[in-house]
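These notes are about the structure you will find just below.
The values are calculated or read from the model by the stated rules, or taken from the named source; none is laboratory data. Source: prediction; values computed, not measured. Cβ atoms come from the backbone with ideal geometry, glycine included; neighbour counts cover every protein chain shown.
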């Protein structure tokens, strides 16, 4: 009889081990320990055994019953831990459910990044309109009357105004700098502000030249600024764009609206300054002009150059975005081509 | 502009260990941008002087000779050559193995190798001038088969050709744009002076004029336009003729970027490239009446050009005339009459000064820019004429010892005055942000040829005369000179002082950014940029009235003359383009649009066209309803998310581009601030948009009213549970959901549209509406009876006001 019990125990444990289905496990429990189960039958038949045998078989049977109960409980925990709500196979490499995503234009993104940086330094954002007069686009900025940029080969004049002068000659603005005088006339000095926007040049277009492109200009006007502070502004822009400190150098440059003026080069990010094709083997890339505001520009803004000074930096956003992403054709920015724009999520 | 280092060395002793690269770097940082460094000897490597010691015919080729040639390197070498002017004892140009030559018809340089020609060994090559860039130095008569004959040239066997012709030079190429403000830098002497300041060296003085001009006969010079010609000097020189310049001169011109022509013309070009003073040589026999007249042209007057074309002049062009007619366009170009010809025996040398503004107008009028005019347009000082004269006299005497100075005239109307500038020490300290010692300041300025005195804390700086035509006129210019020579890089970045005066709060900017981010990040639109000039095809497609449009005088293309009044045409174009790759997408753009109007953003005197900041988008979908309601959903959600005053949707005025039925205006305080709708069929046809439907919105961002801050108010959570009930009703087609919602607003806590349905089970002229309401009581949980009562009330309203009947499930 005891031998039979050993068999029941072994068979029972095997069954418990073999299943990994909770429902089957319940069936096994009923089969092993239920009223109709083998073990119950053994216990029921105890009366037919001699007392000595009855005692040891009874003990053994109850012991087995307990082993089954314990083991089933353990199996229940084990099975639950490894269970899945999905019965069939699931291909986990299938794509996730698409989130409807749009994107800002990469130039807008860059502009917003820069706005955030400058807002945190207490700059305001100013917006000059896209159409300007020659007075604000050139005259106020100390451009000589016969400067080549004033020609229609360079600037888009509006029909009917192209032969007029000053306030009456209107154009799609060729640069942002005219906005500096507008701001200062409106709000006076001291001032610190940025003015991003699109500018227009009558050019032949190719992968590196566009007729409409974005600039980002920052200006500080105050009593006690040295031009060396301009370097902080420059470094801020580049650090914000590239997410790390970028080496720059400042060298002589000339613009009608600055005196002195300078060009700012950044270390070529392609070769790390060693020299490569991208930077013309110089290790440096020209990224922005800047300079101290020319006294005549301050006068245009009704400010006394003896009292006030300040400086500009101007950065071509298209070029910076091209460097950020490795874009090799500037014309893509105005293509409205979603195959391009969808890349900048 | 090209700058030859050998040339510079005539004016300044540069340290031996100073590399061209370092010079280029220092010039770039402090003065002008150097674009390129060219080692001119590079293309002459392994090309040397050889001597043919012995020669005989090639046994297998009639036109070839076998030349035993001494190249100063051990045993003479055997070289096969087909030159027509070969002879024993001739000194020739030899390419050794490794040299590179230019062969006619080949697009790349060819490397010379030891070889066999028709069975005979050849060590290298004896060259023709065109094969090794020597046409300007050693021209030959037989252009086909002639080789360079150096027998009359002072050279030795084995001498590198580069050394022989002065091509052991380094040429710096300077970006012309960075020179626009520096008239003094358009000659080698000016560059040398700049290097003297950078490296604290001295420049050597230029030659004094070695000619007593006063003793010469007077040459009459009449100036009728003194404002445009402050000085005109004429020097008549006889007994000169056309010949080649010496090699050193050719090399100098060549490396400075000009081709040698003949000794007379070369002298004028050399002087210009040395001191920046343009000169012009007339054949003296062409100057009729032996008189120079400088005047503006008569309207329609013609200038005969060398190629027998005419230039028709205006009365704003300055011309150089003889007693009869115009010979040259002053400071820009000559005409046929002034040319130096092989029969020339004497010249009239013009060394003159022309002012920039009028000259630039003439340049622009004829699209004519020359080496001379490029210098004049920068503003040349009148005293430089003297430098030109001195150097020219010296060179004529050197090249033509037999020449005769015949007559001289100098009409000097107005002398350039040196600018005097007071610069307070304090100004320099403040603006530079650090104190520079007085000795340093004075030293730098003196090297730049300022005269400096210091008294009572103020420097009195007398600017160099060649920068007094505009470049240097105020103390900021002096500051700039100091800062750049000290090097901008030597100034440590100085942190800016921070002032906390007020918060920067710009609701308009926040709104613009908010709108963009809402559309991109919440609604799944892609932002696009389009050009402000719009293809008329798409303006017409959108039926925009162009009456008040602004146009460009010189548009990028004839069909792109209109500047946008609306973003819709550009948006339609973008839709049409993208349909090649996508069939459903959403795009938007925010940009300014323009129309004839009156707008004074800054001053009353300036009047601009009206500007509007517009926001426009399109939803492209297979389904018209989907397109429209997606647009509507975006417009509805915008108000809350972007924190602005809400608008109503109403039909007031149909936008030109919209479908006849499906459109709405956005109305804010009684004004239309925008529109939404489906793009009309005719517009889609005209734009080539097929197989999709396009929902469009356009909003005038300037008319939106951003809230100063968020104005949402917290609402208490319901104390007692709300009951949610779905209703499905049958109504006439004419019944509007908006009316149903409005009629129930006081009966329910909330109401939500679920679905509109038409189908088999729905009778014609009817539609089924399904929606959900939430009802509740603020005083307690509703029981079944209360719920039934409330729902009964709702149903009664639906029946009474909308003749709705409940649909049985």
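Return the residues of the stretch A:175-197 that are in contact with a helix residue (DSSP H, G or I) (Cβ under 9 Å, 6 or more places away or on another chain) and within 16 Å of residue A:288 (Cα to Cα); say none if nothing qualifies.
A:175, A:177, A:194, A:195, A:196, A:197
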Conditions (1) within 30 Å of residue B:491 (Cβ to Cβ); (2) surrounded by fewer than 17 Cβ atoms within 10 Å (Cβ to Cβ); (3) away from every other protein chain (no Cβ under 14 Å) -> residue B:21 fails only (3)
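Within the stretch B:607-630, which residues are away from chain A (no Cβ under 14 Å) and assigned to a helix (DSSP H, G or I)?
So in the stretch B:607-630, the residues away from chain A (no Cβ under 14 Å) come out as B:622-625, B:627-629.
Correct list: B:624, B:625, B:627, B:628, B:629.
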Within the stretch B:332-357, residues more than 15 Å from residue B:469 (Cα to Cα) and under 26 Å from the mean Cα position of the chain (by Cα) come out as B:332
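Return a yes/no flag: does the stretch A:151-169 have any residue that is part of a loop (DSSP other than H, G, I, E, B), crowded, with 24+ Cβ neighbours inside 10 Å, touching a residue at least 12 places away in the same chain (Cβ under 8 Å) and more than 8 Å from chain B (Cβ to nearest Cβ). Step through it out loud before you land on a result.
Start the filter on the stretch A:151-169 by keeping residues that are part of a loop (DSSP other than H, G, I, E, B), which leaves A:151-156, A:159-165, A:169.
Next, only the ones that are crowded, with 24+ Cβ neighbours inside 10 Å stay: A:155-156.
Restricting the remaining residues to those that are touching a residue at least 12 places away in the same chain (Cβ under 8 Å) gives A:155-156.
Subsequent filtering for residues that are more than 8 Å from chain B (Cβ to nearest Cβ) retains A:155.
Yes, there is a match, as at least one residue in the stretch A:151-169 is part of a loop (DSSP other than H, G, I, E, B), crowded, with 24+ Cβ neighbours inside 10 Å, touching a residue at least 12 places away in the same chain (Cβ under 8 Å) and more than 8 Å from chain B (Cβ to nearest Cβ).
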Any residue at all in the stretch B:354-369 that is under 20 Å from residue B:219 (Cα atoms) and either surrounded by fewer than 22 Cβ atoms within 10 Å (Cβ to Cβ) or modelled with pLDDT of 90 or more (or both)? yes
All conditions in (1) outside any strand (DSSP E or B); (2) without any contact (Cβ under 8 Å) to a residue 40 or more places away in the chain; (3) more than 8 Å from chain A (Cβ to nearest Cβ); (4) crowded, with 19+ Cβ neighbours inside 10 Å are true of residue B:442 except (4)
When the stretch A:229-252 is checked residue by residue, the ones that are buried (at least 18 other Cβ atoms within 10 Å of the Cβ), at the interface with chain B (Cβ under 7 Å from one of its Cβ atoms) and closer than 23 Å to residue A:179 by Cα are A:229, A:231
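Can you tell me which of B:678, B:717, B:730 is assigned to a strand (DSSP E or B) and outside the structural domain of residue B:658 (by TED's automatic domain parsing)?
Working: B:678 fails: outside the structural domain of residue B:658 (by TED's automatic domain parsing); B:717 fails: assigned to a strand (DSSP E or B).
Answer to the selection: B:730.
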Over the stretch A:192-202, the set of residues part of a strand (DSSP E or B) and either in contact (Cβ under 8 Å) with a residue 40 or more places away in the chain or at the interface with chain B (Cβ under 10 Å from one of its Cβ atoms) (or both) is A:192, A:193, A:194, A:195, A:196, A:197, A:198, A:200
Within the stretch B:576-589, the count of residues that are more than 9 Å from chain A (Cβ to nearest Cβ) and touching a residue at least 40 places away in the same chain (Cβ under 8 Å) comes to 4
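With respect to residue B:408, determine if the residue is buried (at least 21 other Cβ atoms within 10 Å of the Cβ) and touching a strand residue (DSSP E or B) at 6+ places or on another chain (Cβ under 6 Å). Working first, answer last.
Details: buried (at least 21 other Cβ atoms within 10 Å of the Cβ): yes; touching a strand residue (DSSP E or B) at 6+ places or on another chain (Cβ under 6 Å): yes.
Yes: the conditions hold for residue B:408.
Can you list the strands (runs of 3 or more DSSP E) found entirely within the stretch B:64-168 that contain at least 3 residues being crowded, with 18+ Cβ neighbours inside 10 Å?
Values: elements: B:65-70, B:77-81, B:91-95, B:115-117, B:120-122.
Qualifying strands (runs of 3 or more DSSP E): B:65-70, B:77-81, B:91-95.
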| task | Assess whether residue A:194 counts as being crowded, with 19+ Cβ neighbours inside 10 Å and under 35 Å from the mean Cα position of the chain (by Cα). | result | yes
Exercise for the section: With the condition kept exactly as written, say whether any residue in the stretch B:519-531 is in contact with a strand residue (DSSP E or B) (Cβ under 8 Å, 6 or more places away or on another chain), facing chain A (nearest Cβ under 8 Å), over 30 Å from residue A:228 (Cβ atoms) and surrounded by fewer than 19 Cβ atoms within 10 Å (Cβ to Cβ). Expected result: yes
The correct count of residues that are assigned to a loop (DSSP other than H, G, I, E, B) and within 11 Å of another protein chain (Cβ to nearest Cβ) in the stretch B:532-546 is 1
Does the stretch B:208-215 include one or more residues that are within 21 Å of residue B:256 (Cα to Cα) and either modelled with pLDDT of 90 or more or within 14 Å of chain A (Cβ to nearest Cβ) (or both)?
no
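Within 21 Å of residue B:682 (Cβ to Cβ), more than 7 Å from chain A (Cβ to nearest Cβ) and in contact (Cβ under 8 Å) with a residue 40 or more places away in the chain: does that describe residue B:549?
Values: within 21 Å of residue B:682 (Cβ to Cβ): yes; more than 7 Å from chain A (Cβ to nearest Cβ): yes; in contact (Cβ under 8 Å) with a residue 40 or more places away in the chain: yes.
Here the answer is yes, as residue B:549 does meet what is asked.
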